[in-house]
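Enquirer: This is the structure I have questions about; it appears just below.
The values are calculated or read from the model by the stated rules, or taken from the named source; none is laboratory data. Predicted, not measured: the structure shown is a model, and the values here were computed from it. Virtual Cβ from ideal backbone geometry, glycine too; neighbours counted across all protein chains shown. All accessible areas refer to the heavy atoms of the entire protein, side chains included, with ligands and DNA or RNA removed. Shrake-Rupley method; radii C 1.70, N 1.55, O 1.52, S 1.80 Å.
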Amino acid sequence: MLIAQISDLHLRACGRPLHGAIDTEAAVVACIDHLLRLHPRPNVVLATGDLVDLGRPEDYALLYDHLARLPMPVLLIPGNHDDRAGLAAAFADYAYMPRDGFIHYAIEDWPLRLLGLDTLLPGEMGGGLCAERLRWLADRLAEQPERPTLLFMHHPPFVTGIRFLDTPFVGAEAMAAIVRQHPQVRQIVCGHLHRAVHHSWAGTTAAIAPSVVYQMSLALNDGESFYLLNQPSAMSLYLWSGEGAPVGYLSLIGMTENRQMAEGRP
Ligand SMILES: [Fe+2]
Ligand SMILES: [Fe+2]
């Protein structure tokens, strides 16, 4: 089972470049072209929030049209730039999409169980899980404790060191306690930081995917804000073979992954 994770698309239907510099639609097209060129083709795509930049119906309509090129299921969850109701309405014909309320769901179609979490706190840049969402997570994990599971969410539940984005994750300790009780959680994948991050958290492996549209600076100093980096867009890939944790890869968009065999050994 091969999983692709695309994150932080920030798609804009208005045509005006994001931050005055970034053509988000061209980047989304390049991301989808890249997914279609991968061999083997991923079984499923996780789209981990900040799907559009301004949360308007026309942005989601444009995203819907672009994603329609993909032959595999795309699992969407919201980020802080998303509008929960607008996202649910635009993708109402995606079978897993909740009709109302939080956009969280369990996907049972593959050997690795996939739980999408909704960490959106409307009006906030940061995210978290309220008591209702924590209960949902605990209930889902309790119902299939033997089944290897991957959690996907927009906001990382851990401190990253990139301070302007380290707004405390609401419910982090409670979520960590739930995950620690459930060793079937083999991997957590997040977005929001626009760069690749790896961490060990609550007894499992956690990672943040880069953005498929633009990368942000490594702002580790006090008071430092972000600036855009001229670095390649990328996505994460996870190969699940049935044991332990999935193996994670970074795949640079626009770079070919499948080349002819080189002479000799690497
Ligand atoms: Fe983002
Ligand atoms: Fe975000």
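Enquirer: Find the accessible area per residue for the chain; the probe is 1.4 Å, ligands and nucleic acids are left out, and the unit is Å². Spell out each step's value before the answer.
Expert: Working: 11990 Å² over 266 residues.
For the chain, the solvent-accessible area averages 45 Å² per residue.
Enquirer: May I ask you to compute the full-extension gain from Val29 to Glu257, defined as 0.36 nm times their residue separation minus their alpha-carbon distance, rounded to one decimal in nm?
Expert: Contour length minus the Cα-Cα distance gives 80.3 nm.
Enquirer: What is the gain in length, in nm to one decimal, between Ser217 and Val159 on full extension, counting 0.36 nm per residue of separation less the C-alpha to C-alpha distance?
Expert: Values: separation 58, 0.36 × 58 = 20.88 nm, distance 1.64 nm.
In short, 19.2 nm is gained.
Enquirer: Please state, as a whole number in µm²/s, the translational diffusion coefficient that the Stokes-Einstein equation yields for the stretch 118-163 at 37 °C and 0.692 mPa s, with Rh defined as the Kirkwood radius across alpha carbon pairs.
Expert: 266
Enquirer: Right, here's the next one. Compute the normalised compactness of the stretch 114-230: alpha-carbon radius of gyration over 2.2 N^0.38 Å, N being the residue count.
Expert: 1.08
Enquirer: Rounded to the nearest 500, what is the chain's calculated 222 nm mean residue ellipticity when only DSSP H runs of at least 4 contribute -39500 (n - 2.57) each, over all residues?
Expert: Dividing the helical sum by the residues of the chain leaves -6000 deg cm²/dmol.
Enquirer: Run the numbers for His66 and Leu250: contour at 0.36 nm per residue of separation, minus the present Cα-Cα distance, in nm.
Expert: Taking 0.36 nm per residue and subtracting the Cα distance, the gain is 64.0 nm.
Enquirer: At R0 = 35 Å, how high is the FRET efficiency between Asp109 and Ala131 if r is their beta carbon distance? Nearest 0.05 is fine. Don't skip to the end; give the middle numbers.
Expert: Details: r = 29 Å, r/R0 = 0.83.
Once the sixth-power term is evaluated, E becomes 0.75.
Enquirer: A further question on this structure: For the stretch 171-261, which whole percent of the accessible surface, found with a 1.4 angstrom probe, sits on carbon and sulfur atoms? Mind dumping the intermediate values first?
Expert: Values: 2370 of 4640 Å².
That share works out to 51 percent.
Enquirer: Could you work out how far apart the two model spin labels at Arg147 and Ala85 are, taking each label as a point 7 Å from the Cα in the direction of the beta carbon, and quote it in nm?
Expert: 3.2
Enquirer: For the stretch 157-211, would you read off the P(r) tail past 19 Å as a percentage of all alpha carbon pairs?
Expert: Taking all Cα-Cα pairs of the stretch 157-211, the fraction more than 19 Å apart is 25 percent.
Enquirer: Please build a GNM for the chain, connecting alpha carbons under 10 Å apart, and tell me which residue among Val179, Val44, Val247 fluctuates the most.
Expert: Ranking Val179, Val44, Val247 by mean-square fluctuation puts Val247 first.
Enquirer: May I ask you to order 60-73, 205-218 by the average number of other C-beta atoms within 10 Å around their residues, highest value first?
Expert: With the highest mean Cβ count within 10 Å placed first, the list reads 205-218, 60-73.
Enquirer: Cα-based Rg of the chain per 2.2 N^0.38 Å, rounded to two decimals?
Expert: That works out to 0.96 for the chain.
Enquirer: If amide hydrogens are placed 1.01 Å from N in the peptide plane, which non-local residues have theirs closer than 5 Å to the one on Ser211?
Expert: Under 5 Å from the amide H of Ser211 lie the amide H atoms of His194, Arg195, Ala234, each far enough along the sequence or on another chain.
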